Amino acid sequence: MHDEKNIERAEIVTVGTEMLLGDLVDTNTVWISQRLAALGVGIYRHTTVGDNSERIVAALREAASRSDLVVTTGGLGPTSDDLTNACLSTLTGREMVEYQEAREHVDTMFERFGRTPTANNYKQALFPEGTQLIPNPVGTAMGALVEWEGTLFATLPGVPTEMKSMFDATLEPLIRARSEGSIVSKTLHFAGIGESALVEKVQEFLDATDPTVAPLAGQGRVRLRITTRAATEREAQEKIAPVEKEVIARLGDYYFGEDDETLEGAVGRLLQERGATLTLAESCTGGLLAKRLTDMPGSSAYFGEGFVTYSNESKEHLLGVPHAMIVDHGAVSEPVARGMAEGARRVSGADYGLSVTGIAGPDGGTEEKPVGLVFVGISDSEATFAEKLDLTAWARSRDSIRERSANRAFDLMRLRLEEN
């Protein structure tokens with residue numbers, strides 16, 4: 001490609017009226033932003049624009065005025081409201097031409113799908129003259145790489161599986177090739193500590209310029225992303241290592257993994273290392289913990305069953321929680337959380353029982369037991385205990401209470417496993 005320059009700043013333009021109307025949630029921008037940040041590219045702005053040629057061209061022009069790279073998603077389909085590449089043609093003043101490779105790709109994909117393309121499907125073979133095509137191994141819409149006045153445009157489909165595979169195969173290597181030296185990032189994960197408390201302990205690292213350290217918080221977890229640039233990847237890793245070591249030394253008990261690690265992943269790894277098994281007893285989380293555990297391949301090695309005991313009766317009949325205990329203390333209480341964890345372990349024969357009971361709202365709370373009151377119980381051969389969680393600050397969000405409850409439950413389980 002011509003007039004190539006280093007890529008340091010990027011913007012993302014999402015195309016589609018369905019996102020402006022709220023009919024579709026844009027998850028692509030989050031994913032692309034995370035990948036660009038990990039590559040050391042600064043994200044300047046996110047823009048969502050409807051299926052209108054004039055507004056799309058204006059959005060592309062404005063993004064190009066600030067950025068080295070503009071990534072678009074959506075608008076690459078065969079219908080009349082798929083306008084992205086045509087608008088890129090208008091912006092750059094380059095004629096739309098048919099690319100034989102793209103036409104053959106449409107034929108190949110339709111043959112694979114057992115269908116016959118119609119005339120409008122070949123619209124996906126039209127691109128601005130001078131385009132470098134981005135292969136799409138999953139769908140019919142290839143993407144475009146177009147350089148214009150110092151800005152590189154990359155058009156990607158809106159379908160997440162297609163977009164991700166194309167970004168990984170083509171765009172990421174291109175960004176790395178157009179960066180000075182190697183950009184390396186490492187993300188450290190922490191739980192059981194709030195963002196402000198964590199920041200206070202590592203503030204000088206956040207103030208540093210190389211490596212840069214950025215906090216990212218959400219749902220009871222905090223991430224610290226350490227990023228640097230060096231002549232080689234090895235040199236970059238050597239610059240990151242002492243910062244990583246000192247951060248973990250200060251935040252040791254809260255640290256549970258790096259990069260793609262999750263709390264449930266850490267629990268699973270520790271269970272496997274110990275040859276131990278876990279059973280769940282869930283009330284307000286409604287199976288969320290079980291879902292997250294079984295999302296991981298190989299979880300059957302340590303997770304055999306879980307109980308969703310939403311009603312008081314099910315807590316009694318399935319887990320053996322005494323009726324009198326529920327009457328005296330209520331289903332959302334420390335004794336019942338302990339009883340649920342103990343009962344799950346006893347009934348299943350697992351080494352550990354983990355329970356969650358609480359009031360996720362938005363209704364059902366009282367002055368004594370408000371929405372956001374949650375108890376987590378853990379039982380093993382040595383002890384049974386429970387922790388009270390105060391999540392009342394998130395009383396308006398049922399999903400947030402459930403996610404935070406699950407995260408804290410997994411973190412407590414992690415800590416218990418590390419003790420044993």
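Can you tell me which residue is farthest from residue 70 (Cα to Cα) among those in the range 168-186 that are touching a Gly at 6+ places or on another chain (Cβ under 9 Å) and at pLDDT 95 or above?
Per the stated criteria, the residue is 170.
Criterion first (in contact (Cβ under 8 Å) with a residue 24 or more places away in the chain, basic (Lys, Arg), closer than 24 Å to residue 174 by Cβ and outside any strand (DSSP E or B)) does residue 45 satisfy it?
On the way: in contact (Cβ under 8 Å) with a residue 24 or more places away in the chain: yes; basic (Lys, Arg): yes; closer than 24 Å to residue 174 by Cβ: yes; outside any strand (DSSP E or B): no.
No; evaluated as a whole, the condition is false for this residue.
Say we look at the range 367-381 and pick out the residues that are small (Gly, Ala, Ser), more than 17 Å from residue 219 (Cβ to Cβ) and surrounded by 12 or more Cβ atoms within 10 Å (Cβ to Cβ); which of these is nearest to the chain's Cα centre (by Cα)?
Residues of the range 367-381 that are small (Gly, Ala, Ser), as a first pass: 372, 377, 379, 381.
From the residues that got through so far, the ones that are more than 17 Å from residue 219 (Cβ to Cβ) too are 377, 379, 381.
Okay, now just the ones that are also surrounded by 12 or more Cβ atoms within 10 Å (Cβ to Cβ), so 377, 379.
Working: 377: 27, 379: 31 Å.
If we take residues in the range 367-381 being small (Gly, Ala, Ser), more than 17 Å from residue 219 (Cβ to Cβ) and surrounded by 12 or more Cβ atoms within 10 Å (Cβ to Cβ), then 377 is nearest to the chain's Cα centre (by Cα).
Okay, residues lined up against (1) among the small types (Gly, Ala, Ser); (2) surrounded by 22 or more Cβ atoms within 10 Å (Cβ to Cβ):
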site: 341; (1), (2): yes, yes
site: 345; (1), (2): no, yes
site: 365; (1), (2): yes, no
site: 383; (1), (2): yes, no
site: 387; (1), (2): no, no
site: 391; (1), (2): no, yes
site: 398; (1), (2): no, no
site: 401; (1), (2): no, yes
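Take the range 142-191 and flag every residue that is more than 22 Å from the chain's Cα centre (by Cα) and acidic (Asp, Glu).
Answer for the range 142-191, where residues must be more than 22 Å from the chain's Cα centre (by Cα) and acidic (Asp, Glu): 147, 149, 180.
Restricting to the range 27-60, name every residue that is under 28 Å from residue 213 (Cβ atoms) and either of a type in the set (D, E, K, R) or not assigned by TED's automatic domain parsing to the domain that holds residue 162 (or both).
Within the range 27-60, 35, 45 qualify.
Filter the range 213-251 for residues that are of a type in the set (Val, Ile, Thr) and assigned to a helix (DSSP H, G or I) and give the result. Step through it out loud before you land on a result.
Of all residues in the range 213-251, those of a type in the set (Val, Ile, Thr) come to 213, 222, 226-228, 232, 240, 243, 247-248.
Across the range 213-251, the qualifying residues are 240, 243, 247, 248.
Please determine, by comparing only the residues of the range 38-71 that are more than 26 Å from the chain's Cα centre (by Cα) and more than 19 Å from residue 148 (Cα to Cα), which one is surrounded by the fewest Cβ atoms within 10 Å (Cβ to Cβ). Working first, answer last.
Taking the range 38-71 as the starting set, the residues that turn out to be more than 26 Å from the chain's Cα centre (by Cα) are 51-62, 64-66.
Right, trim to more than 19 Å from residue 148 (Cα to Cα) and you get 51-52.
Values: 51: 19, 52: 15.
If we take residues in the range 38-71 being more than 26 Å from the chain's Cα centre (by Cα) and more than 19 Å from residue 148 (Cα to Cα), then 52 is surrounded by the fewest Cβ atoms within 10 Å (Cβ to Cβ).
Being under 29 Å from the mean Cα position of the chain (by Cα), in a strand (DSSP E or B) and small (Gly, Ala, Ser) narrows it down to one of 306, 268, so name that one.
Working: 268 fails: in a strand (DSSP E or B).
Only one candidate qualifies: 306.
Run residue 278 past the list (1) touching a strand residue (DSSP E or B) at 6+ places or on another chain (Cβ under 8 Å); (2) surrounded by fewer than 24 Cβ atoms within 10 Å (Cβ to Cβ) and report the number of the one that doesn't hold.
Result: residue 278 passes all but (2).
Looking only at the range 366-389, filter to residues that are of a type in the set (Val, Ile, Thr), touching a residue at least 24 places away in the same chain (Cβ under 8 Å) and out of contact with any Pro (no Cβ under 7 Å at 6 or more places or on another chain); which one of those is farthest from residue 406 (Cα to Cα)? First the steps, then the outcome.
Going residue by residue through the range 366-389, those that are of a type in the set (Val, Ile, Thr) are 366, 371, 374, 376, 378, 384.
This time we only want the ones that are touching a residue at least 24 places away in the same chain (Cβ under 8 Å), so: 371, 374, 376, 378, 384.
Next, only the ones that are out of contact with any Pro (no Cβ under 7 Å at 6 or more places or on another chain) stay: 374, 376, 378, 384.
Working: 374: 10, 376: 9, 378: 13, 384: 18 Å.
In this case the residue turns out to be 384.
Specify which of the listed residues (249, 241) is modelled with pLDDT of 95 or more and either surrounded by 13 or more Cβ atoms within 10 Å (Cβ to Cβ) or touching a helix residue (DSSP H, G or I) at 6+ places or on another chain (Cβ under 6 Å) (or both).
Values: 249 fails: either surrounded by 13 or more Cβ atoms within 10 Å (Cβ to Cβ) or touching a helix residue (DSSP H, G or I) at 6+ places or on another chain (Cβ under 6 Å) (or both).
Exactly one of 249, 241 is modelled with pLDDT of 95 or more and either surrounded by 13 or more Cβ atoms within 10 Å (Cβ to Cβ) or touching a helix residue (DSSP H, G or I) at 6+ places or on another chain (Cβ under 6 Å) (or both), namely 241.
Is it true that residue 336 is over 25 Å from the mean Cα position of the chain (by Cα), part of a loop (DSSP other than H, G, I, E, B), assigned by TED's automatic domain parsing to the domain that holds residue 267 and over 20 Å from residue 256 (Cβ atoms)?
Criteria not met by residue 336.
The values are calculated or read from the model by the stated rules, or taken from the named source; none is laboratory data. This is a predicted model, so every value here is computed, not measured. Cβ atoms come from the backbone with ideal geometry, glycine included; neighbour counts cover every protein chain shown.
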